[in-house]
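Just so it is clear, none of the values below were taken in a lab; they were calculated from the coordinates. In this text the structure is predicted, and so the values were computed from the model without any measurement. As a convention, Cβ positions derive from the backbone with ideal geometry for all residues, glycine included, and neighbour counts pool all protein chains shown.
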């Protein structure tokens, strides 16, 4: 049986999002290396490549809108298109944060980061956590194995904890190093951007679960149980069913 034209279009749409997703992952990885290694040339590469992220978003949004107008998808096909629109928006915002971090490296090139404060703020750990979230959610999107979504979301809790602790750490550092106030405050903004990337990664998880399982996770209270970590809690299922209604 020949595949319907609408199904072929959906496959192409999904492939476009996959390519964008891969590209955004490389942007975050390069912004991490640029920051930690004070690599201005790599930072400039990230900034110059940001336009490609924007082009991906515009193209995918247009293709999704056209697909809805031409084929009026229903059920899982409609969920896929709606999810792709939201996923694309989140990926574009993550790309913006990667570019912003790279611009920090370029603009602050007169000041070498103090290795001690970078370690204390756990900047590299934050990068690894959000890159892990982005990569794991990408795998979830491709495999449809939503039973592991809770483990990905819990990484965002770790990112949030690091972010909340960063203020006291930076305050003490600046009291001891008053000549680095401007650089320190800008570094806190970088930490804030990493925290926001974690939030958008959580949005990606929610959008993938909505597409695959028709479950709404948004605004759902986090339940710290083993069942939640596996994404199989009966309480979670019941609550999501109520939200969908």
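For the chain, the equivalent ellipsoid derived from the alpha-carbon gyration tensor has semi-axes of 36, 23, 12 Å in decreasing order. So which residue, out of 152, 94, 106, gets the largest mean-square fluctuation from a GNM of the chain using Cα contacts under 10 Å as springs? For the chain, modelled as a Gaussian network with Cα springs under 10 Å, the answer is 106.
State the Kirkwood hydrodynamic radius of the stretch 1-141 in Å, one decimal place, computed from all pairs of distinct Cα atoms.
16.6 Å
In terms of the Cα gyration tensor, with a ≥ b ≥ c the square roots of its eigenvalues, is the stretch 90-176 rounded because a/c is under 1.5, prolate because a/b exceeds b/c, or oblate? Present the calculation step by step, with values, prior to reporting the outcome.
Numbers: a/c = 3.22, a/b = 1.71, b/c = 1.88.
It is oblate, given that a/c is not under 1.5 and a/b is not larger than b/c.
Taking the chain as a Gaussian network of alpha-carbon nodes connected by springs under 10 Å, the highest mean-square fluctuation of the residues 183, 62, 90 belongs to 62.
In deg cm²/dmol and to the nearest 500, what is the mean residue ellipticity at 222 nm of the chain if only DSSP H runs of at least 4 residues count, each as -39500 (n - 2.57), divided by the residue total?
Helix contribution divided over all residues of the chain: -28500 deg cm²/dmol.
Structural descriptor for the chain: relative contact order 23 percent, calculated from alpha carbon pairs under 8 angstrom and at least 6 residues apart. Note that the stretch 25-100, at 37 °C in a medium of 0.692 mPa s, gets a Stokes-Einstein diffusion coefficient of 240 µm²/s from its Kirkwood radius over C-alpha pairs.
Mean-square fluctuations from a GNM of the chain, with a 10 angstrom spring cutoff on Cα atoms, peak among 72, 34, 43 at 72.
Exposure proxy for 60, 131: other Cβ atoms within 10 Å of each Cβ, ordered fewest to most, give 131, 60. Between the stretch 32-101 and the stretch 164-214, what is the separation of their alpha carbon centroids in Å? Value for the Cα centre distance between the two parts: 20 Å.
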